1. Search region 239-280 for residues being closer than 24 Å to Gly111 by Cα and in a helix (DSSP H, G or I), and hand back the single one that is farthest from the chain's Cα centre (by Cα).
2. So, of the residues in region 84-140 that are of a type in the set (Asp, Glu) and assigned to a loop (DSSP other than H, G, I, E, B), which turns out to be nearest to Gly43 (Cα to Cα)?
3. Residues to consider are Tyr283, Tyr298; find the one that is open to solvent by less than 10 Å² (accessible area, probe 1.4 Å), within 25 Å of Trp603 (Cβ to Cβ), of a type outside the set (Val, Ile, Thr) and not in a helix (DSSP H, G or I).
4. Name the single residue that is farthest from Glu173 (Cα to Cα) among those in region 117-154 being touching a Lys or Arg at 6+ places or on another chain (Cβ under 6 Å) and surrounded by fewer than 17 Cβ atoms within 10 Å (Cβ to Cβ).
5. May I ask you to list the residues in region 307-329 that are over 26 Å from Tyr595 (Cα atoms), more than 23 Å from the chain's Cα centre (by Cα) and open to solvent by less than 30 Å² (accessible area, probe 1.4 Å)?
6. Need the failing condition index for Thr554 against (1) out of contact with any strand residue (DSSP E or B) (no Cβ under 7 Å at 6 or more places or on another chain); (2) open to solvent by 40 Å² or more (accessible area, probe 1.4 Å), just the number.
7. Answer with yes or no whether Asp541 is in contact (Cβ under 8 Å) with a residue 40 or more places away in the chain and either in a strand (DSSP E or B) or open to solvent by 40 Å² or more (accessible area, probe 1.4 Å) (or both).
8. Give the residue that is nearest to Asn352 (Cα to Cα), with candidates limited to residues of region 441-469 that are open to solvent by 20 Å² or more (accessible area, probe 1.4 Å) and among the β-branched types (Val, Ile, Thr).
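The values are calculated or read from the model by the stated rules, or taken from the named source; none is laboratory data. In this text the structure is predicted, and so the values were computed from the model without any measurement. No Cβ is skipped: glycine too gets one built from the backbone with ideal geometry, and neighbour counts run over all protein chains shown. Only protein heavy atoms, including side chains, enter the accessible area calculation; ligands, DNA and RNA are left aside. Shrake-Rupley method; radii C 1.70, N 1.55, O 1.52, S 1.80 Å.
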Amino acid sequence: MKLTKLCHKFLYFLIITTISQVILLKNVYAKNLDYMHGIAMHGDLKYPKNFKKFDYANENAFKGGKINRFSIGTFDNLNPYILKGVPAYQSAYLFETLMKSSFDEPFSQYGLIAEGIKVPSDRSWVAFKIRDEAKFSDGSRISPDDVIFSFETIISKGHPIYKTYWSQVDKVEKISKSEVKFFFKGDPNPELPLIIGYQLPIFSKKDWENKDFSKTTLVPPLGSGPYLISEVKAGRSITLKKNGNYWGKNLNVNIGRYNFETIHYDYYRDETVALEAFKSGAYDFKQENSSKNWATAYNFGAVKEGKVKVEEIKYYRPSGMQGFAFNMRKSIFQNRNVRKALTYAFDFEWSNRNLFYNAYTRTKSFFDNSELASQNLPSKEELAILENYRGKIPNEVFTTIFSPPNTNEENGLRKNLRTARRLLKKEGWIIKDDLLINNQTGEIFEFEILLRSPLFERIVLPMKRNLKKLGINVSIRTVQDDSQYIRRLEDFDYDMIVVNYGSIISPGNEQKNYWGSATADQKASPNYMGVKNPVVDEVIDKLISAKSRKELVTYTKVLDRILLFNYYLIPQFHISHYRVAYWNKISRPKVSPKYDLGFDFWWFDPEKAKNINKISSPVNDEQNKKDNSIYFLLFIFLLFILWKIKRKTS
């Protein structure tokens, strides 16, 4: 008996000693880790320690000048990190983050507020060392207390999406007067150190004392960024002025960046009015989203004269997914075959010919225009993963490359609508008195498409006519009031909407927000379709914890296939370049970043601005010659009339 007790005591002592040694070794290991100047999601960093600038930055860019820009809609709030109100997103210029992403790497970051970042091999925590020179615009130093306050505030009082996004952060601790450490919990999430680094805005703890972070405000908050808000006209305009005392202007991540002295935004309620304002010179830069406008609206005089430049700038990031999204919280859209049937009513080929001037490519993946797209049969690695879910996912995933219905062949639309009818009938929907009715419940198949802009009505109307042929009644509701439209989205108060999910070259935690079950019923989440699929949840978790770029690509393709073949939306179209027009008084770097437009690296060009009124083109010269000839003939005619009058008088 005594021997047994002694054995138990010895075993207990051994366990305690082992645990203590492990903790001690981990602490020693953590202390021995060096701070790094940057961090890459997978692989190595492109830029070495003490690099001078990003390759796409022009260190000789002119500093100064004013740029006028535009926004569509309105705003009533200068805090873009809360749920309430309609934010002015330009106020994000006020706040800096711990790290800064580069635009020519898949997913890498370099020090901004933090001069260094430290992570263990399993990325179970991350520590940041704050620069001594990092300051808020009132001159006060940024401290670990401000970082901790920022995280705790945005989690407890910010937009609900942040709580989900950073749910694996266990705690945040101050470890010295310049160091702060985030501890993570749950399954491995190697992306967390990066999204903490570049997506956590840093607020001043002192400035927010006795203020309610969750309430809207039109008083500019204290920030640490390169610009200050100098003037606000609620819902109409906002003006930002360069902060002359900005602490980070000489950092390598900021060389050639933030070149304009003044940035002014005017708000317009209507795209057509905004376009006409651009033509008249009311603002300087426009990124065009309408293929019709791009094909027909940019041949005005200033373009012909060279005063306005029109360019297509290629990018290499995934084009994302734009589509008609089904709200699966509605009973009529909960059946996969019903959703599939409705995809046959969108005639992209007709729209591209007749509406889009053949400008677009049909979207066939949530990650089109990249190696992440599943536009081939599943690889051995993908099949090994997919086999775990056989019977829980559509069978087509294993043997078919996803391709939305097309009308390329003769009578293509008629054949597609026949296919749609067969699918609907199979699920109990029959046509009675020209209406599609559920054979069991008697429910009429009808729904509303909610739009934000009247520009999209011309795209929706042909599909509405096609759905009518299936017996489906569709109404279109265009809501141009920003606050009303946003409220309806936040409350999931719609049947179908047009969504645009932007994609990045290194997908990760944002996928949980887009289609994770936890966000399906979370107010204001971007899970607009209401996806609740345990298989999708599991694949996203595996994607997030991928240990290599190859593994990440494999799981992304698996996710892509499962999303596509569940027909959560009707894919629309995309392009693989930016369409931009700008008055020829601004310039951009010769090297464009691969994964972003990089507008913060453009600059005002005083020489171009001085000469813009002198710019002349052959077309303009020819017109001037014609005008001069007319004026000369008029002058001769007037002289002749005067001579006749004088002669008659004599």
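1. Of everything passing the filter in region 239-280, Asn252 is farthest from the chain's Cα centre (by Cα).
2. Selected residue: Glu105.
3. Answer to the selection: Tyr283.
4. Result: Arg141.
5. Met328, the sole residue that qualifies.
6. (2)
7. It is true that Asp541 is in contact (Cβ under 8 Å) with a residue 40 or more places away in the chain and either in a strand (DSSP E or B) or open to solvent by 40 Å² or more (accessible area, probe 1.4 Å) (or both).
8. Top of the filtered list is Ile444.
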